[in-house]
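Have a look at the structure below before the remarks.
The values are calculated or read from the model by the stated rules, or taken from the named source; none is laboratory data. The structure presented is a predicted model; accordingly, all values stated were derived computationally and were not measured. Reconstructed Cβ throughout: ideal geometry from the backbone, glycine too, with neighbour counts over all protein chains shown. The accessibility values were calculated without ligands, DNA or RNA, using every heavy atom of the protein model including side chains. Shrake-Rupley method; radii C 1.70, N 1.55, O 1.52, S 1.80 Å.
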Amino acid sequence: KAGVTQTPRYLIKTRGQQVTLSCSPISGHRSVSWYQQTPGQGLQFLFEYFSETQRNKGNFPGRFSGRQFSNSRSEMNVSTLELGDSALYLCASSLGSDEQYFGPGTRLTVT
Amino acid sequence: QQQVKQSPQSLIVQKGGISIINCAYENTAFDYFPWYQQFPGKGPALLIAIRPDVSEKKEGRFTISFNKSAKQFSLHIMDSQPGDSATYFCAASVPKTSGSRLTFGEGTQLTVNP
């Protein structure tokens, strides 16, 4: 089975711009979660989608949003980018709620 | 609020030695505790996980010990190898009420010297 894939792998954006990241889960997995990883804050939960519905949301501002499509693929969007949004954005998929498998991440740099 | 505290921040072990990483949690509702291994430039990889109904789980050289009363759990890596050098994260979740939301520890950078 193919693992979780994320595109693009690297991205450089300018402050004020917006960005969309994509995640394709493992085949058959209906849950997709997004995490932000930074050296200072570690791994922090952004949100989770299950069967196209947001099931859970972390403590991030409304500039961070996401959605899930009927084929379980997910996108996350960050609007009005700030320097502090520079991070590795990780997507994880699972069948239900426990074992989660992470993708390689998208490295976002905001200049 | 940091709900999962991990120690040590870094660990250096000789090849063949035992690596021990500890985590403590606050939320007694947590009932799923996975460990992840992350190499530079890669996403975290699920190593092993435990639920509170057992006190120990072993998979190959990796063992989780769980102490529910102390609200602590630890990862033991037996016969540590240079290839085990990576960052390790403990995590916790409440699948029944919070879905797949994982709360992570701060991470431990493990170096195994040859």
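A few comments on the model shown:
- Overall dimensions of the protein assembly as shown as given by Cα atoms, namely Rg and Dmax in Å: 17.4, 51
- Taking chain B as a Gaussian network of alpha-carbon nodes connected by springs under 10 Å, the highest mean-square fluctuation of the residues B:SER69, B:SER93, B:SER19 belongs to B:SER69.
- Solvent-accessible area buried by B and A, counting both chains, probe 1.4 angstrom, square angstrom: 1600
- Backbone N under 18 Å from the A:ARG107 label point (7 Å along Cα→Cβ), restricted to the range B:31-50: B:38-45
- Residue of B:VAL54, B:VAL13, B:VAL94 that the Gaussian network model of chain B assigns the largest fluctuation, springs spanning Cα pairs under 10 Å: B:VAL54
- Fraction of antiparallel bridges per DSSP, chain B only, in percent to nearest 5: 90
- Fluctuation leader among A:GLY28, A:GLY62, A:GLY42 - chain A, Gaussian network, Cα springs under 10 angstrom: A:GLY62
- Convex hull projection area averaged over all views, chain B, Cα basis, nm²: 7.0
- Under 5 Å between amide hydrogens, built in the peptide plane, is the criterion, and for B:GLY105 it picks out B:CYS90, B:ALA91 among residues at least 5 positions away or on other chains.
- Contact residues in the range A:71-107 by the 50 Å² criterion (accessible area, 1.4 Å probe, full protein complex versus chain alone): A:SER97, A:ASP98, A:GLN100, A:PHE102.
- Cα radius of gyration and Dmax for chain A (Å): 13.0, 38
- Cα-based reach from A:LYS57 at 18 Å (exclusive), listing lysines while leaving out same-chain residues under 8 positions away: B:LYS96
- In this structure chain B gives 48 Å² per residue of accessible area when probed at 1.4 Å with all protein chains present.
- 3J(HN,Hα) from dihedral phi, the range A:9-24, Karplus parametrisation 6.51/-1.76/1.60, rounded to Hz, x for glycine, proline: 7, 9, 8, 10, 10, 9, 3, x, 6, 10, 9, 10, 10, 10, 9, 10
- Selection of trypsin sites (Lys or Arg not before Pro), the range A:1-64, meeting DSSP coil and at most 14 other Cβ within 10 Å: A:LYS1, A:ARG9, A:ARG15, A:ARG63
- Note on B:MET78 and B:LYS15: their simple-model spin labels are 2.0 nm apart, each label 7 Å out from Cα toward Cβ.
- Whole-angstrom gap from the range B:85-111 to the range A:70-111, using each part's C-alpha centre: 16
- Computed over protein heavy atoms with a 1.4 Å probe, the carbon and sulfur contribution to the accessible area of chain B reaches 49%.
- Residues of the range A:33-98: accessible area per residue with a 1.4 Å probe, Å²: 42
- Built amide H within the under 5 Å cut-off of A:GLY66, gap 5+: A:ASN77
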